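A short worksheet on the structure shown next.
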Amino acid sequence: MAVAATENPLVEGLERLPVPPTTLAIFGATGDLARRKLLPALYNLAHEGALPERFNLIGVSRRDQSDEDFRNQARESIQQFSRRAPDEQVLEGLLGRMSYLGIPFDDTPGYAKLGATMDALDAENGLPLNRVYYLSTAPEFFPVITENIKENGLHRAEHSEVRVVIEKPFGTDLASARSLQDVVHSVFRERQVFRIDHYLGKETVQNVMAFRFANYMFEPVWNRNFIDHIQITAAEDIGIGTRAGYYDQSGALRDLVQNHMMQLLTLVCMEPPSSFEADKVRDEKVKVLEAITPPTPEEVAEMTVRAQYTAGVSGGEDAKGYLEEDDVPDDSQTETYAALRLEVHNWRWAGVPIVLRTGKRLARKVTEIAVQLKPVPHLAFQSKGSVGVQPNQLILTMQPNEGVSLSLGAKIPGSAMRIRPVNMEFLYGTAFMSQSPEAYERLILDAMRGEATLFTRNDEVDAQWSIIDPILKAWKDGSPQMSTYEAGSAGPAEAEELIGGGRHWRGL
């Protein structure tokens, strides 16, 4: 018998929440993120009829230009980066709702123009619209913009909701994250703050929860009694390109591990929430993070690996090393590869190693979670040549081939009882015959709705930095030493030692 959608806790309420009339102000509207992601996402939402009937976009940036110039730039961005070919009627309708303000972010009196523009849009629409401020700027402007919003009284509205969306990175270490949070909380209540981690907007990441909590078959084995270890990989086959200015200040640990990969870890290890309300889900994620003991300086040397790529061959072409990349200092100690071994100290996961790795210029591009079960306790087929028997693995792939696979032992056809691994696979593209929406489409819509499930809460950010901060400090002090790996390889040899216990990383 079919189950009504309202009975499914994974979707109840999320898709049915109305999107109220909204004015969205994007700070940094002429920047790369807005051009490549935000403006195309808004177009796709408009194409699907998902934007509210009364919707306005105000682009805010330091550049001085006209509304028409901004609309032309938005048109070019949408035509170039939208996941679907633009429909001229839909595009014109969206562009007609756009306006632009050139305001230096530190020009406090200039924010009065933004307030006046929003008031005029309220009057034009005949009702007060909700206000969403999207901070898509360099991180140093987050506190500046937030404080100037307060100075001009734009953080409160008498008859509508006011929200702020803050891009990553939220701080560069624990102290800076807490300092930024103090500024944000002096202006906005926590329920008004939406911290973006765009990985959480990906359909494949959300499906981690679906596979765990909508399929009873996994729950009995989802614990230390049956799972040997968990690998979380976010590998890239490209170098840093033109991002040296940002990347050399960030490095692999800050760029991916502290946010995206720690979020993946929480989704794999969290307990089932009593309901899929935002705070119930985030409560369970925080419990996972708080159960990970931050490493001591001595432990950092044993449980982490850092490395830089050197010259090699990537994709069949010669690739230069990190120190030879444009604008990278000759003496840079920034890691392009980071691996660490963690453990969640609770009843379900005690004793189960959870290993994470990320890096640039690796053998291939892949983001996946590999859950490896323990080997069978008695191999009855061993004497019959079953050398291919391997522990079962559940692989959840986020990119590039989005899907889930389960490895099983099966008999090879023939007279002998010989076993080898085979895969049962589910692929999004073939199962649903539709294109997955971009992560920012879901996240922008949820921010306008006030639905915070897929955004990180302050205590999540604090707990993530509490784990990563000791590693950053130890690395700054030179422990462990920087390793190297050839471009196009699977990473440094030291990472194989890190996983330990006769275990091996999945091949790249």
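Numerical summary
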item	result
Selection count, region 327-337, where residues are in contact with a Leu (Cβ under 9 Å, 6 or more places away or on another chain) and assigned to a loop (DSSP other than H, G, I, E, B)	5
Residue check for Gln206: closer than 16 Å to Ala452 by Cβ and at pLDDT 95 or above	no
Residues located in region 195-219, provided they are among the polar types (S, T, N, Q) and either more than 28 Å from Arg163 (Cα to Cα) or open to solvent by less than 20 Å² (accessible area, probe 1.4 Å) (or both)	Thr204, Asn215
Test: residue in region 6-16 that is open to solvent by 20 Å² or more (accessible area, probe 1.4 Å), among the hydroxyl-bearing types (Ser, Thr, Tyr) and modelled with pLDDT under 95	yes
Top-ranked residue of region 489-504 - restricted to ones that are assigned to a loop (DSSP other than H, G, I, E, B) and open to solvent by 30 Å² or more (accessible area, probe 1.4 Å), ranked as farthest from Asp279 (Cα to Cα)	Ala493
Given (1) under 30 Å from Glu277 (Cβ atoms); (2) in a helix (DSSP H, G or I); (3) touching a helix residue (DSSP H, G or I) at 6+ places or on another chain (Cβ under 7 Å), number of the condition Thr453 does not satisfy	(2)
Of the criteria (1) modelled with pLDDT of 95 or more; (2) outside any helix (DSSP H, G or I); (3) more than 16 Å from Ala29 (Cα to Cα), which one Val60 fails	(3)
Whichever residue in region 390-436 is farther than 19 Å from Glu203 by Cβ and hydroxyl-bearing (Ser, Thr, Tyr) and, among such residues, is surrounded by the most Cβ atoms within 10 Å (Cβ to Cβ)	Ser407
Single unsatisfied condition, Asp237 versus (1) assigned to a loop (DSSP other than H, G, I, E, B); (2) open to solvent by less than 10 Å² (accessible area, probe 1.4 Å); (3) touching a strand residue (DSSP E or B) at 6+ places or on another chain (Cβ under 7 Å)	(2)
Per-region count, region 251-265, residues open to solvent by 10 Å² or more (accessible area, probe 1.4 Å) and farther than 24 Å from His345 by Cα	1
Selected residue [in contact (Cβ under 8 Å) with a residue 40 or more places away in the chain, under 30 Å from Asn223 (Cβ atoms) and hydrophobic (A, V, I, L, M, F, W, C)] from Val344, Val328, Val376, Val389	Val344
Scope region 52-76; condition without any contact (Cβ under 8 Å) to a residue 40 or more places away in the chain and surrounded by 22 or more Cβ atoms within 10 Å (Cβ to Cβ); matching residues	Ala74
Filter result (farther than 29 Å from Leu45 by Cα and either open to solvent by 30 Å² or more (accessible area, probe 1.4 Å) or not aromatic (Phe, Trp, Tyr) (or both)) within region 461-473	Asp462, Ala463, Gln464, Ser466, Ile467, Ile468, Asp469, Pro470, Ile471, Leu472, Lys473
Among (1) touching a Leu at 6+ places or on another chain (Cβ under 7 Å); (2) over 30 Å from Arg35 (Cβ atoms); (3) open to solvent by less than 50 Å² (accessible area, probe 1.4 Å), the one test that Gly478 misses	(1)
Test for Gly49: is it part of a strand (DSSP E or B), within 26 Å of Ala439 (Cβ to Cβ) and either touching a helix residue (DSSP H, G or I) at 6+ places or on another chain (Cβ under 9 Å) or without any contact (Cβ under 8 Å) to a residue 60 or more places away in the chain (or both)	no
Members of region 22-36 that are buried (at least 20 other Cβ atoms within 10 Å of the Cβ) and either closer than 18 Å to Asn130 by Cβ or in contact with a Phe, Trp or Tyr (Cβ under 6 Å, 6 or more places away or on another chain) (or both)	Thr22, Thr23, Leu24, Ala25, Ile26, Phe27
Residue in region 32-43 that is assigned to a loop (DSSP other than H, G, I, E, B) and at pLDDT below 95 present	no
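The values are calculated or read from the model by the stated rules, or taken from the named source; none is laboratory data. Because the structure is predicted, anything quoted here is derived from the model rather than measured. With ideal geometry, Cβ positions are generated from the backbone for all residues, glycine too; neighbour counts draw on all protein chains shown. In case anyone asks, the SASA skips ligands and DNA or RNA and just uses the protein heavy atoms, side chains included. Shrake-Rupley method; radii C 1.70, N 1.55, O 1.52, S 1.80 Å.
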